[in-house]
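Notes for the one structure printed next.
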Amino acid sequence: MSAGYQRGRLCIPVSLSQQRTLGGGDIRRQDMPFVSNRMNFVKLGALVMYRGIRLGTSRILSGRNVGQATTLTGGLFYTFHL
């Protein structure tokens with residue numbers, strides 16, 4: 001689910017995403033993570049774009065077999081007119 005605000009060159013999208021796996025087991029202390037492990041999470045993210053500058057963040061709000069994480073992103077972009 002996502003929503004946002006846009007006016008002129010300012011754009012602020014906000015998203016909430018959820019992943020629910022259909023099966024699999026938990027990661028045990030003595031095991032490495034495996035592709036069939038159950039990994040569920042809820043993540044909230046936001047991005048601010050103004051002219052050629054992009055700044056964003058996301059945070060895992062809750063999860064099973066997923067660590068709590070915060071992601072920060074930034075970048076510059078330029079559009080070429082051919």
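Points worth noting:
- Residue-wise HN-Hα couplings along the stretch 73-82, as the Karplus relation 6.51 cos²θ - 1.76 cosθ + 1.60 with θ = phi - 60° gives them from phi, are 10, x, x, 10, 9, 9, 9, 8, 9, 9 Hz; Gly and Pro carry x.
- Among the protein heavy atoms, those of LEU55 account for about 100 Å² of accessible surface (1.4 Å probe, every chain in place).
- Positive dipole terminus of the chain, leading residue within PHE77, LEU10, VAL42 (C-beta point charges): LEU10
- Probe 1.4 Å - accessible area at ARG51, Å² to nearest ten: 140 Å²
- Fully extended contour minus Cα-Cα distance, from THR70 to GLN18, at 0.36 nm per residue: 17.2 nm
- Of all accessible heavy-atom area on the chain, the percent that carbon and sulfur account for (1.4 Å): 59 percent
- Estimated D of the chain in µm² per second, where Rh is the Kirkwood radius over Cα pairs and Stokes-Einstein applies at 4 °C, 1.567 mPa s: 85 µm²/s
- Convex hull of Cα atoms in the stretch 43-82, direction-averaged projection (nm²): 3.7 nm²
- Working from Cα pairs under 8 Å separated by at least six residues, relative contact order for the chain is 24 percent.
The values are calculated or read from the model by the stated rules, or taken from the named source; none is laboratory data. Every value quoted in this text rests on a predicted model; they were computed, and no experiment measured them. So basically every Cβ, Gly included, is an ideal-geometry build from the backbone, and we count neighbours across all protein chains shown. Note: areas computed on protein heavy atoms with side chains; ligands, DNA, RNA excluded. Shrake-Rupley method; radii C 1.70, N 1.55, O 1.52, S 1.80 Å.
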